[in-house]
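Chemist: The structure's right below; bear with me while I get my questions together.
The values are calculated or read from the model by the stated rules, or taken from the named source; none is laboratory data. A quick note: this is a predicted structure, and the numbers were derived from the prediction, not measured. When we count neighbours, we look across all protein chains shown, and the Cβ atoms used for this are built from the backbone with ideal geometry, even at glycine.
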2 protein chains.
Amino acid sequence: MAVEGSEPRHVTIVDVARAANVAPSTASRALQESPRISDSTKRRVREAAHTLGYRPNRIAQSLRLRAGTLVGIIVPDVGVNFYSRFVKGAQDVLEHAGRQVLVLNTERQAAREKAALRTVLEHRVSGLLVATSGGSDEEVRIPTVYFDNLAPGRGVAHVACANREGVGILVDHLVGHGHTRIAYIGGPPTLTSGSERLDGFLGAVGRLRLQASAPVELADAAWSPGSAAAAMERLLALPEPPTAVVTSGDTIALGAMSACRRAGRRMPDDVALVSFDDPVYGELLDPPVTALGRSDVAMGKLAASLLLHALDAGTLGPPTEVRLPVELVVRRSCGCG
Amino acid sequence: MAVEGSEPRHVTIVDVARAANVAPSTASRALQESPRISDSTKRRVREAAHTLGYRPNRIAQSLRLRAGTLVGIIVPDVGVNFYSRFVKGAQDVLEHAGRQVLVLNTERQAAREKAALRTVLEHRVSGLLVATSGGSDEEVRIPTVYFDNLAPGRGVAHVACANREGVGILVDHLVGHGHTRIAYIGGPPTLTSGSERLDGFLGAVGRLRLQASAPVELADAAWSPGSAAAAMERLLALPEPPTAVVTSGDTIALGAMSACRRAGRRMPDDVALVSFDDPVYGELLDPPVTALGRSDVAMGKLAASLLLHALDAGTLGPPTEVRLPVELVVRRSCGCG
DNA sequence: CTGAAAGCGCTTACAG
DNA sequence: CTGAAAGCGCTTACAG
């Protein structure tokens with residue numbers, strides 16, 4: 001069973017040409033269905049290619065064509081649901097466009113982000129989809145779509161969800177339930193979503209004149225449930241604890257919910273909760289979470305489409321900014337039902 | 001700000017050579033730190049490369065070297081936690097070895113799996129990490145590590161967790177709590193983990209003489225919570241419903257738990273539950289789930305290491321099969337605490 | 001220590 | 001309709 005001796009060299013177009021008794025150039029054109037090649041020749045070449053098991057070498061094609069089919073995706077952490085589902089969506093539309101995806105992880109480290117950028121550039125990717133962690137400020141010279149965390153003025157497009165409005169919707173819903181002491185637990189305002197969502201909260205409570213009773217707590221940079229739980233505990237320890245809380249993301253909601261449970265507070269009776277980014281199985285949680293529907297897969301598809309568009313249109317003008325609309329999925333944690 | 005006119009051609013080694021006043025071959029060697037090049041020349045070349053912003057073209061390198069740095073990973077669905085975290089682990093060790101990862105999704109479709117295989121092969125990846133959905137039976141000619149779903153006799157290595165033993169541990173734990181009517185909800189036995197885990201359950205109840213009161217229900221091929229919930233409902237509708245249930249995976253546990261909740265059965269009092277594959281935030285669920293710790297990231301790292309090993313050792317002999325040990329994370333759903 | 005030449009596997013003007 | 005030649009950007013024997 002073991003493979004003996006030397007590597008069984010790959011079949012090349014020269015092999016195919018020889019087998020079909022034509023020149024390599026003719027074989028190449030035949031395989032490309034060029035109209036300039038006779039049907040009989042095409043058939044002969046195709047057969048030769050088939051029986052030899054010819055697989056074109058994309059490396060060679062890319063070099064010759066000075067353009068490959070690779071697209072780079074740089075994310076802070078593929079292990080995180082949001083990013084992996086974004087990749088899934090992007091991969092899907094890119095694949096259908098005959099492109100492949102090089103996924104690079106940065107672990108939210110600036111150095112790794114820079115290295116990732118260098119690497120994909122060396123691979124001569126046609127374009128890039130990136131969610132920066134704020135690491136690299138260099139302008140990239142190839143078509144780039146920034147998502148989640150935006151990079152003002154750079155790239156061909158930016159995509160994010162309607163962060164401010166989203167939080168506004170969440171606050172409004174809570175107010176509809178009669179809450180006036182509404183707290184917010186969010187990711188740090190260093191990156192786009194953390195900052196815009198916090199902004200949205202501040203804006204909403206301002207508009208509703210609720211500032212005085214609207215405490216804000218922040219989770220850590222990874223938006224970890226642990227740090228969110230600690231934040232929730234701080235809120236519960238307040239002299240006048242909030243009766244409802246808005247969380248800026250699924251993992252934060254999870255942490256907050258578990259903190260409430262440990263503290264013996266019933267949800268939604270003692271404290272209601274609504275969240276941005278529906279937890280992946282949000283309807284299975286106890287209570288089922290009222291949240292803004294996830295837009296990760298859709299965002300991936302959109303970002304990929306925008307990139308594809310820029311790729312064949314040629315990049316011109318300032319980046320377009322696209323905001324994905326959000327929609328409230330009403331379940332039980334808010335007090336409904 | 002818009003980029004004007006023609007593409008700004010990439011800087012090549014010829015440009016660097018010219019700037020440093022040496023031949024391209026010398027520039028190439030200098031950049032590779034060849035001992036045959038004088039220090040002064042090296043310095044000159046490095047400086048030229050730096051000021052010109054030279055980035056080697058990996059496409060060209062790969063073609064010339066007849067070996068690239070790409071590794072393919074083929075998974076049923078990157079959007080699923082298990083796979084995305086596997087990718088994260090694999091990516092990490094591969095990246096440290098100077099390799100990049102091409103991720104392909106199959107959506108559990110045989111046709112897409114075959115296409116994915118063709119694609120990565122055309123990219124001349126050095127090796128492959130694949131979780132088949134049973135789609136392709138063809139032997140792949142490059143070093144391949146199969147994971148999760150195994151392919152007997154093929155590839156350089158197989159990695160999976162200790163499925164049978166794992167379920168045995170789960171059953172034993174439930175028996176330790178005094179249960180005798182123990183049900184099982186699992187994925188279909190078509191692929192490795194579904195089949196081995198079911199096997200493990202059957203083996204355990206046989207060994208314990210519990211067969212008569214050990215109903216088995218199956219979820220769908222995607223192991224969806226919805227189908228698991230339906231399975232749980234069937235179990236609860238039994239004349240003598242089980243007092244405990246073993247689920248073969250995290251998503252199945254989630255579905256089963258929600259079905260119990262909807263049916264008004266308290267957990268673990270009315271029905272206890274233990275699961276394979278700890279849900280990602282299993283400790284935050286209500287009740288916190290007793291489960292076998294996840295080994296996805298570790299599995300990714302292991303699979304990548306095995307591949308790397310095969311890559312520099314050269315493939316010989318039959319595939320090694322590695323089983324990741326499992327460990328029980330005791331929490332509340334089983335009745336502990 | 002450095003350079004000229006060949007070649008990795010393709011594709012596309014350029015001829016015929 | 002088909003072929004011979006050049007070249008994408010590198011690296012590595014082979015000379016010197």
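Chemist: Within segment B:224-241, identify whether any single residue is acidic (Asp, Glu) and crowded, with 17+ Cβ neighbours inside 10 Å, and answer yes or no.
Modeler: no
Chemist: I've got another one for you. Out of curiosity, is residue B:172 among the charged types (D, E, K, R), assigned to a helix (DSSP H, G or I) and either surrounded by fewer than 23 Cβ atoms within 10 Å (Cβ to Cβ) or not assigned by TED's automatic domain parsing to the domain that holds residue B:253 (or both)?
Modeler: Against the criterion (among the charged types (D, E, K, R), assigned to a helix (DSSP H, G or I) and either surrounded by fewer than 23 Cβ atoms within 10 Å (Cβ to Cβ) or not assigned by TED's automatic domain parsing to the domain that holds residue B:253 (or both)), residue B:172 qualifies.
Chemist: Still on this model: Just to check your reading of the model, which residue among B:41, B:51 is over 41 Å from the mean Cα position of the chain (by Cα), near DNA strand C (Cβ under 9 Å from one of its atoms) and not hydrophobic (A, V, I, L, M, F, W, C)?
Modeler: Of B:41, B:51, the one residue that is over 41 Å from the mean Cα position of the chain (by Cα), near DNA strand C (Cβ under 9 Å from one of its atoms) and not hydrophobic (A, V, I, L, M, F, W, C) is B:41.
Chemist: Out of segment A:49-68, which residues are more than 9 Å from chain B (Cβ to nearest Cβ) and surrounded by 19 or more Cβ atoms within 10 Å (Cβ to Cβ)?
Modeler: A:49, A:54 - these are the residues of segment A:49-68 that are more than 9 Å from chain B (Cβ to nearest Cβ) and surrounded by 19 or more Cβ atoms within 10 Å (Cβ to Cβ).
Chemist: Take residue A:17 and tell me if it is within 12 Å of DNA strand D (Cβ to nearest atom) and either more than 28 Å from residue B:90 (Cα to Cα) or not in a helix (DSSP H, G or I) (or both).
Modeler: yes
Chemist: Mind listing whichever residues of segment A:12-25 are among the polar types (S, T, N, Q) and more than 10 Å from DNA strand C (Cβ to nearest atom)?
Modeler: A:21
Chemist: Can you tell me which residue among B:63, B:121 is in the same structural domain as residue B:150 (by TED's automatic domain parsing) and in a helix (DSSP H, G or I)?
Modeler: B:121
Chemist: Turning to a different aspect of this structure: Looking at residue A:248 and the list (1) surrounded by 20 or more Cβ atoms within 10 Å (Cβ to Cβ); (2) modelled with pLDDT under 95, which single condition is not satisfied?
Modeler: Of everything listed in (1) surrounded by 20 or more Cβ atoms within 10 Å (Cβ to Cβ); (2) modelled with pLDDT under 95, residue A:248 misses just condition (2).
Chemist: Looking at segment B:283-314, which of its residues are closer than 17 Å to residue B:127 by Cβ and buried (at least 18 other Cβ atoms within 10 Å of the Cβ)?
Modeler: Within segment B:283-314, B:299, B:300, B:301, B:302, B:303, B:304, B:305, B:306, B:307, B:308, B:310, B:311 meet the criteria.
Chemist: So which residues in segment A:22-43 are of a type outside the set (A, V, I, L, M), within 7 Å of DNA strand D (Cβ to nearest atom) and either touching a Lys or Arg at 6+ places or on another chain (Cβ under 8 Å) or not in a loop (DSSP other than H, G, I, E, B) (or both)?
Modeler: Correct list: A:24, A:25, A:26, A:29, A:36, A:40, A:41.
Chemist: In this structure, is residue B:243 over 30 Å from residue A:263 (Cβ atoms) and touching a His at 6+ places or on another chain (Cβ under 9 Å)?
Modeler: yes
Chemist: On to the next question. Do we find that residue A:46 is near DNA strand C (Cβ under 8 Å from one of its atoms) and under 21 Å from residue A:10 (Cβ atoms) in this structure?
Modeler: no
Chemist: Which count do you get for residues in segment B:238-264 that are out of contact with any helix residue (DSSP H, G or I) (no Cβ under 7 Å at 6 or more places or on another chain) and away from every other protein chain (no Cβ under 13 Å)?
Modeler: 4
Chemist: Let me ask something additional. For the structure I just gave you, tell me whether residue B:141 is part of a loop (DSSP other than H, G, I, E, B), assigned by TED's automatic domain parsing to the domain that holds residue B:73, more than 20 Å from the chain's Cα centre (by Cα) and at positive phi.
Modeler: No.
Chemist: Given the criterion touching a residue at least 40 places away in the same chain (Cβ under 8 Å) and either among the small types (Gly, Ala, Ser) or more than 14 Å from chain A (Cβ to nearest Cβ) (or both), identify the matching residue among B:90, B:23.
Modeler: B:90 is the lone residue from the list that is touching a residue at least 40 places away in the same chain (Cβ under 8 Å) and either among the small types (Gly, Ala, Ser) or more than 14 Å from chain A (Cβ to nearest Cβ) (or both).
Chemist: Here is a further query. If you check residue B:226 against the conditions, is it out of contact with any Pro (no Cβ under 7 Å at 6 or more places or on another chain) and either at the interface with chain A (Cβ under 10 Å from one of its Cβ atoms) or assigned to a strand (DSSP E or B) (or both)?
Modeler: Yes; evaluated as a whole, the condition is true for this residue.
Chemist: Mind checking which residues of segment B:26-38 are within 10 Å of DNA strand C (Cβ to nearest atom) and either under 23 Å from residue B:99 (Cα atoms) or within 14 Å of another protein chain (Cβ to nearest Cβ) (or both)?
Modeler: B:28, B:29, B:30, B:34
Chemist: Out of the residues in segment B:175-218 that are touching a strand residue (DSSP E or B) at 6+ places or on another chain (Cβ under 6 Å) and assigned to a loop (DSSP other than H, G, I, E, B), which is nearest to residue B:78 (Cα to Cα)?
Modeler: B:188
Chemist: Going by the structure shown, is residue B:131 in contact with a strand residue (DSSP E or B) (Cβ under 9 Å, 6 or more places away or on another chain), within 11 Å of chain A (Cβ to nearest Cβ) and crowded, with 20+ Cβ neighbours inside 10 Å?
Modeler: no
Chemist: Restricting the search to segment A:155-178, which residues are within 18 Å of the chain's Cα centre (by Cα) and more than 19 Å from residue A:194 (Cβ to Cβ)?
Modeler: A:155, A:156, A:157
Chemist: Name the residue, out of A:78, A:87, A:71, that is away from DNA strand C (no atom under 12 Å from the Cβ), surrounded by 19 or more Cβ atoms within 10 Å (Cβ to Cβ), part of a loop (DSSP other than H, G, I, E, B) and among the hydrophobic types (A, V, I, L, M, F, W, C).
Modeler: A:78
Chemist: If you go through segment B:265-297 one residue at a time, how many are more than 13 Å from chain A (Cβ to nearest Cβ) and aromatic (Phe, Trp, Tyr)?
Modeler: Matching residues across segment B:265-297 total 1.
Chemist: Since residue B:97 meets every condition but one in (1) farther than 19 Å from residue B:295 by Cβ; (2) within 9 Å of chain A (Cβ to nearest Cβ); (3) in contact (Cβ under 8 Å) with a residue 60 or more places away in the chain; (4) of a type outside the set (Val, Ile, Thr), which condition does it not meet?
Modeler: The one condition residue B:97 does not meet is (2).
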